[in-house]
Amino acid sequence: MKFMRILIIHRSFALVGGAERVITDKANYLAQKGHQLLLVSYEQGRHPLPYELHPSVEYKDLDCRFFTLSRYSALLRVWHFLRLRRKFRKSLQATIADFRADVVVMASDWQTLIDEVLAAAGPVPVVAEFHNAYDYVMRNVEKSGNALRQRLVKAYYWQTLKHLRRCAKLVILTHADAENWRRHFQNVTVIPNPVTCYPDVIDDVPKDKGRIIFVGRFNHEKRIDRLIDAFAMIGVKYPQWHVDIFGDGNEKERLKQRIQDLHLEQRVIIHNPTPTIYDEYKRSEMLVLCSEHEASPLVLVEAMACGVPCVSMDCPIGPREIIQNGLTGLLAKDGDVGDLSAKIEWMITHEAERREMGRKAREAAASRRMDVVMGQWERLYANLT
């Protein structure tokens, strides 16, 4: 396979999040294989990169901060938006030409700039990745305001999505979600997120007996309050069990208050993000995910790779393509906190079955190893160039 020059665009790498981790891991893997990589952001500013890059991976920020538009009145906002779009196109066009890219990848958050990316790329093939589920995107359009605003937003959004037909490929994370997109587009393929690390050894860190772990951003979509409420229903019966929550975000204070209201301060502990999260997985008896929606939750695969069984809400699209219910983990009814609590309690009271689920979960996670998934990406890029 020939070596390629791959340019990846992402709005900002400042967040310590799943998308940023996956993009960085992919770039590092491809660089190690001998390909030339350039990561391009446009709203990073002076924020540091949260994940270490391979020495040969280049990085550039275009300094087009669209998030600053909210400070302007409506008319000025439109003027500055158009000005930033022109700057974005010119800067990206020059960057693609200087780098001599073989393929351009829009990693996420590209919806409002897809036409500018295509114009800047010219004859270079463009790949669009989609990290949000189709139903979630459509729900957000429906929630955009009154009827007139909804019609305007929907018209603008679909006009934007039409540009996807000009992309060489639209890459979706799950097969179920790909079927939704194929109702509108033919250039759809499925490549799941790779697991960052598939540990050779999983018993090198002692278990913290009775530990339940959550890992993720503290935002409304993750619905961490459901985990707190579900544990409150059964916690008094199992005093040796506790919950450790790792992450950060704008819901942090509200979650702390919820823990206090339920008098769980000694049983549910919030921790800052950690660079040694795999050790934290290994210490845990199970991982719980309780989101409203998930395109393809990386934390499930990471925990499973460490031999940790998972309990997840069966929210649309993502978890059901990772967890085989009753075999590699448990799926609770979507939105049903009582059922989530019951599934957690089953894990607590069935130790032998829980450990067997962890063993099978690790076997299942092997299909998401970096070398397996990145082989699919290499073949995709090579076919396009």
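Could you give the C-alpha radius of gyration of the range 246-385 expressed as a fraction of 2.2 N^0.38 Å, taking N as the number of residues it contains?
1.17
Would you work out what percent of the accessible area of the chain, with all protein chains in place, is carbon or sulfur (probe 1.4 Å)?
51 percent
Under 26 Å Cα to Cα from Lys2, which lysines show up? Leave out anything in the same chain fewer than 8 places away.
Excluding near neighbours in sequence, the set is Lys26, Lys33, Lys60, Lys169.
Within the range 174-279, which GluC sites (Glu not before Pro) sit in a loop by DSSP and count at most 11 neighbouring Cβ atoms inside 10 Å?
The qualifying sites are Glu265.
Evaluate the relative contact order of the chain (contact order divided by residue number), counting alpha-carbon pairs under 8 angstrom at least 6 apart; express in whole percent.
Rounded, it is 14 percent for the chain.
For a test of the definition: using alpha carbon positions, the gyration tensor, and the 1.5 limit on a/c, classify the range 181-280 as rounded, prolate or oblate.
Cα axes put the range 181-280 in the oblate bin.
Which aspartates and glutamates, on any chain, are close to Lys207 with Cα under 17 Å apart, when same-chain ones fewer than 8 places away are left out?
In chain and number order, the partners are Asp244, Asp279, Glu280, Glu285, Glu302, Glu351, Glu353, Glu356.
Could you work out the Rg to Rh ratio of the chain, with Rh taken as the Kirkwood radius (inverse of the mean 1/r over all Cα pairs)?
Over the Cα atoms of the chain, Rg/Rh equals 0.98.
Angle, helix 18-32 long axis vs. longest principal axis of the chain, Cα atoms, 0 to 90°, nearest 10?
70 degrees
Where the convex hull is taken over the Cα atoms of the range 217-271, what is its projected area averaged over directions, in nm²?
3.4 nm²
Distance in nm between label sites at Val201 and Arg86, each 7 Å beyond Cα in the beta-carbon direction?
6.1 nm
Mind checking the angle between helix 147-161 and the chain's longest principal axis? C-alpha axes, 0 to 90 degrees, to the nearest 10.
70 degrees
Any chance you could give the angle, 0 to 90 degrees and rounded to 10, that helix 252-261 forms with the longest Cα principal axis of the chain?
Tilt relative to the chain: about 20 degrees.
Quote the accessible area belonging to His47 in square angstrom, nearest 10, computed with a 1.4 Å probe and with ligands, DNA and RNA left uncounted.
Spelled out: His47, probe radius 1.4 Å, area about 120 Å².
Per residue of the range 75-88, in order, report the coupling 6.51 cos²θ - 1.76 cosθ + 1.60 (Karplus, θ = phi - 60°) as ³J(HN,Hα) in whole Hz, putting x for Gly and Pro.
For the range 75-88, the Karplus curve yields 5, 5, 4, 4, 4, 5, 4, 5, 5, 5, 4, 5, 4, 4 Hz.
Kindly report the accessible area of the chain per residue (heavy atoms of protein chains, probe 1.4 Å, no ligands, DNA or RNA), in Å².
Result: 46 Å² per residue.
Using a 1.4 angstrom probe on the protein heavy atoms only, line up Lys333, Lys162 by accessible area, largest first.
I get Lys333, Lys162, largest accessible area first.
The values are calculated or read from the model by the stated rules, or taken from the named source; none is laboratory data. Please read these numbers as outputs of a predicted model, since none were measured by experiment. FYI the Cβ positions are ideal-geometry reconstructions off the backbone, even for glycines, and counts take in every protein chain you see. Surface areas here come from the heavy atoms of the whole protein model, side chains and all, with no ligands, DNA or RNA. Shrake-Rupley method; radii C 1.70, N 1.55, O 1.52, S 1.80 Å.
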